[in-house]
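Encoded as structure tokens, the structure appears first; notes follow it.
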Amino acid sequence: MRFAASSGRQHDDSIVKIVAICGAGLGTSGILKVNTERVLLRLGLHATVVATDLASLHAEADDAQIILTSPEFVEAIGTTFADVIVVDNYFDTSELSEKLERALG
Amino acid sequence: MPLPPVPDTAITLGASASDWRAAIGLVGAALTASGATTDEYSHEMIRMIEEHGPYIVIAPGLALAHARPGPAVLHDGLAVATLTTPVAFGNPYNDPVRVVLGLAVASAAHHLSLVSEIANVFNDSDAIARLAAAASADEVRGILGASA
């Protein structure tokens, strides 16, 4: 599994980028990041997963394929080329798995 | 990285809260009582929801209240409040809330190892119900795998 370099945003076409969004950029989006990485490992899929806040979304998400978030942020995310996946239960890895598989499959 | 210690002062069992602000106030007061934050952190956690909505209700019955690292955070802390009467936060999927966690992180740099531990606890789908039913601080710490 590849992890995003914290400083750079080097673009790599071969690696899918997934961005988890919350209000603070840690805590809830951190849980999404951790559980997404666990699910990807289980599915044998490779992606870079970044947790960030809404304010940094456009810097992080312009090269992202998938944005993971709560229903509250969908409107604020607005128009994007990424698939926006709304997660209901952040601790339900089977929900995450199903939604990620559908988006990446 | 293990969870931060959860002393008795950080645990409030069987509380009542008139609304979501009061529910967050419970863990805010507990974080302050346990020495992890100043009073201001409670307001910061409430402001996150006022600004973005009740997105912190991340699983059925569970709210993970938190704000950003900053001057209000003195050291990492985790507080738990269980509510006798569940409280609606306005989340479309996961209302009403029975268990409120208050998380304070001193530095963004290590928060992922901390939330990773929280995920370890709550990826077990029984954890929320067991916390809601917990009768003692020791029982809460047992479920969380945290020390006093």
What's the exposure ranking of A:57, A:32, going from fewest to most Cβ atoms within 10 Å? A:57, A:32
So in the protein assembly as shown, what percent of DSSP beta bridges are antiparallel if you round to the nearest 5? 30 percent
At R0 = 30 Å, FRET efficiency that the Cβ-Cβ distance of residue B:50 and residue A:102 yields, to 0.05: 0.35
Would you kindly calculate the translational diffusion coefficient of the range A:16-88, applying Stokes-Einstein with the Kirkwood radius from alpha carbon pairs, for 25 °C and a viscosity of 0.890 mPa s, and quote it in µm² s⁻¹ without decimals? 206 µm²/s
Cut-off 10 angstrom, C-alpha nodes, Gaussian network model of chain B. Which of B:53, B:25, B:61 fluctuates the most? B:53
What nm distance separates the two modelled labels at residue B:110 and residue A:56, each placed 7 Å from Cα along Cα→Cβ? 1.9 nm
Using only the Cα atoms, what convex hull volume per residue in Å³ does the protein assembly as shown have? 112 Å³
Tell me which residues come under 5 Å, amide H to amide H, from residue B:13 once H is placed; ignore anything under 5 positions away on its chain. B:82
Extent of chain B along each principal axis, from alpha carbon coordinates, in Å, largest to smallest? 34, 32, 25
Describe numerically, in nm with one decimal, the distance between label points set 7 Å from Cα along Cα→Cβ at residue A:83 and at residue B:39. 4.9 nm
Sorted by chain and then number, the residues having a modelled amide H within less than 5 Å of the amide H of residue A:16, at least 5 places away or on another chain, are A:48
Sort B:75, B:52 so that the residue with the fewest other Cβ atoms within 10 Å of its own Cβ comes first and the one with the most comes last. B:75, B:52
Nearest-5 percent of antiparallel DSSP beta bridges in chain B? 55 percent
For every helix of n ≥ 4 consecutive DSSP H residues, a contribution of -39,500 (n - 2.57) applies; sum these over the protein assembly as shown, divide by its total residues, and give [θ] at 222 nm rounded to the nearest 500 deg cm²/dmol. -10500 deg cm²/dmol
Please give the FRET efficiency for residue A:45 paired with residue B:130, using the beta carbon to beta carbon distance and R0 = 51 Å, rounded to the nearest 0.05. 0.95
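Every number in this text was worked out from the coordinates using simple rules, so none of it is lab data. From a predicted model like this one, the values you see are computed outputs, not experimental measurements. Every residue, glycine among them, receives a Cβ derived from its backbone with ideal geometry; neighbour counts consider all protein chains shown.
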